[in-house]
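Trainee: Shown below is the structure under consideration.
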Amino acid sequence: MSKEKIIYFISGGGTGGHIYPALSVIQSLLLQNDTQKIYYIGNTHNMEFDIINKIENVEFLPINICGMPRKISFDFIKWLFKFEFSLWKAFFYIKKYNPDVIFTTGGYVSAPIAFMAALLKKPLMIHDCDAVPGLVSKSVSPFADCASTAFESSKNILKSKKVICTGNPVREEFLTVSKQEAREKLGLRDKMTVLITGGSQGAQTLNNAAINAAQAIVEEMDVQFIIQTGKKNYDDFIKNISQIFPNYYQNTNLIIKPYFEDMFYALKSADVVISRAGSLSISELNLCGSACILVPYPYAAADHQRKNALEAEKTGFALYCEDKDFNREKLLELLKSLVYNPEKIKSMSESSYRNAKPHAKEIIVENLKSLVQ
C-alpha cells in the first residue's frame, strides 16, 4: 500500500445481517489515520439509510435497486431495467469519487457497485456472512481480489483470488460493554435475564410465542424478559399481549421494545437468548457468551439458517427448534430446561465464547487496505 490517504466505497444492505458487518468495518476505518473519506452505497428505503446517516464523516450515496424476482415475469423485466440503471449509477459514483478500494458485505444492494468495480478494475473485497454464500457473493466472487467468510465451509464456494475465513466483523461495543453495564443501561436488576428477538425485521413466530408465554415467564419463572418485536410488528404485539396479559406494563420483569438501536446492550444483558439463526446474530451471540435457543427462519436462502442452527447445537452453545414447532409450550419447555439449570447455562456460555472470533474486523481491514494500489 503506497497511498497516504484512502477513499473507501462500502456497500451492503437490506437487512442488519449485511449492514452491521459493514458498519463494524466503517467504525475501524474511521479510526485509521490514512482514511480520507468513506462513502456508503445503499437504498434510501432500507434500514441502512437511517443507520449510516447517524455516523459522522460517512456520506450516503443512494442507489435504487431491489431484490431480483426468482421467476420470469413482468416484475423481472422491470427489475432488469432497474438493475441496468443502478449499474450506470454505480459507474457514475466510481468515476466521480474515484475510490481506492471497494468493500461489500452482500445483499442485492451491493451487486451494482461490485460488478462495476470489476468492470472498471477497481480493487474489490467482499465479505459473506453465511454458511452458504448468497447469490450476489457467488456471482461477484470471481471478480473480487479478496473474499472473507464467516464460515470455513464457505471458502470452497467463493472463487476469489484470495479467500480467508475471518468470522463476522462486529461492532466494538460487543467486545467492550460488560453485562453489568448493559443491565444498568436498560434499567435491569442483577438477576436471570432472557431476551427474545426476531432480528431487525422481527419474527412473527417468535412474537406469537412470546405474547402467550410472557406472563408465565415473568411471574411464575420470575426472570427478566426482554422482547424485541420488530418495528412493523410492535403495535400488533402490544394489542395482542394486552388481551392475554392486561397488566403486562406494570411488571418490572418485562421490557418490550420495537427495536434496539444499540442491540449490544440487550444481548450483553441476557443469560439466555432466543433468536433466529442468521450468521451475524450467531457471531454476536458468541461474543456475548450467550446460551441460545435458535429457531431458524424456514425460508432463508439455501436453508442456511437451519444449517447455522444445527451447527450451533452440535457445538454445544444452542438448543434447536423448528419454526413450525415453536409455540408457547415449546418456549416454556426449552426455557425451563435452562433457567432451572444454571450449570447448563454456564457450560453453553463457555462453548459460545470458545466459538467467538473477536479479531475478524482487524483481519478484514488489514486485507482491505492491502489492496490499495
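Trainee: Just a yes or no: is a residue in the range 78-101 modelled with pLDDT under 80, of a type in the set (Lys, Arg) and more than 19 Å from Leu371 (Cβ to Cβ)?
Mentor: yes
Trainee: Just the residues that are among the charged types (D, E, K, R), outside any strand (DSSP E or B) and within 19 Å of Glu56 (Cβ to Cβ), please, taken from the range 1-44.
Mentor: If the condition is that a residue be among the charged types (D, E, K, R), outside any strand (DSSP E or B) and within 19 Å of Glu56 (Cβ to Cβ), then Lys5, Asp34 are the ones that fit.
Trainee: If you don't mind, another one. In the range 169-183, how many are out of contact with any Phe, Trp or Tyr (no Cβ under 8 Å at 6 or more places or on another chain) and crowded, with 21+ Cβ neighbours inside 10 Å?
Mentor: Result for the range 169-183: 1.
Trainee: Further question: Which condition does Ile241 not pass, out of (1) under 23 Å from His18 (Cα atoms); (2) outside any loop (DSSP other than H, G, I, E, B); (3) out of contact with any Ser or Thr (no Cβ under 6 Å at 6 or more places or on another chain), if it passes all the others?
Mentor: Unmet for Ile241, out of (1) under 23 Å from His18 (Cα atoms); (2) outside any loop (DSSP other than H, G, I, E, B); (3) out of contact with any Ser or Thr (no Cβ under 6 Å at 6 or more places or on another chain): (1).
Trainee: Cβ-Cβ below 7 Å, separation at least six or inter-chain, first residue in the range 197-218 and under 16 Å from Ser281 (Cβ atoms), second of a type in the set (D, E, K, R) and crowded, with 23+ Cβ neighbours inside 10 Å: which pairs?
Mentor: Gly198/Arg276; Gly199/Arg276; Ala203/Arg276
Trainee: Taking the options Val295, Val339, Val365, name whichever one is aliphatic (A, V, I, L, M), crowded, with 24+ Cβ neighbours inside 10 Å and at pLDDT 95 or above.
Mentor: Val295
Trainee: Another one. Determine if the range 201-211 includes at least one residue that is at pLDDT 90 or above and closer than 27 Å to Gln27 by Cα.
Mentor: No.
Trainee: Across the range 312-328, what is the number of residues that are out of contact with any Asp or Glu (no Cβ under 9 Å at 6 or more places or on another chain), over 15 Å from Val218 (Cα atoms) and surrounded by fewer than 19 Cβ atoms within 10 Å (Cβ to Cβ)?
Mentor: Adding up the residues that qualify gives 8.
Trainee: In the range 165-188, which residues are in contact with a strand residue (DSSP E or B) (Cβ under 7 Å, 6 or more places away or on another chain) and either of a type in the set (Ser, Thr, Tyr) or free of Cβ contacts under 8 Å to residues at least 40 places away in the same chain (or both)?
Mentor: If the condition is that a residue be in contact with a strand residue (DSSP E or B) (Cβ under 7 Å, 6 or more places away or on another chain) and either of a type in the set (Ser, Thr, Tyr) or free of Cβ contacts under 8 Å to residues at least 40 places away in the same chain (or both), then Cys165, Thr166 are the ones that fit.
Trainee: For the range 248-268, state whether one or more residues are part of a helix (DSSP H, G or I), buried (at least 24 other Cβ atoms within 10 Å of the Cβ) and more than 15 Å from the chain's Cα centre (by Cα).
Mentor: Yes: one or more hits.
Trainee: Let me ask another. What is the residue count in the range 285-318 for residues that are touching a residue at least 24 places away in the same chain (Cβ under 8 Å) and within 18 Å of Ala203 (Cα to Cα)? So that I can check it myself, show each step before the final result.
Mentor: Of the residues in the range 285-318, the ones touching a residue at least 24 places away in the same chain (Cβ under 8 Å) are 285-298, 301-309, 311-312, 315-318.
The next check asks that each one be within 18 Å of Ala203 (Cα to Cα); those that pass are 285, 292-298, 301, 303-306, 308-309.
So the answer is 15.
The values are calculated or read from the model by the stated rules, or taken from the named source; none is laboratory data. Computed from a prediction, not measured in an experiment: that's the story for all the values here. Glycine gets a Cβ as well: all are built from the backbone with ideal geometry, and neighbour counts include every protein chain shown.
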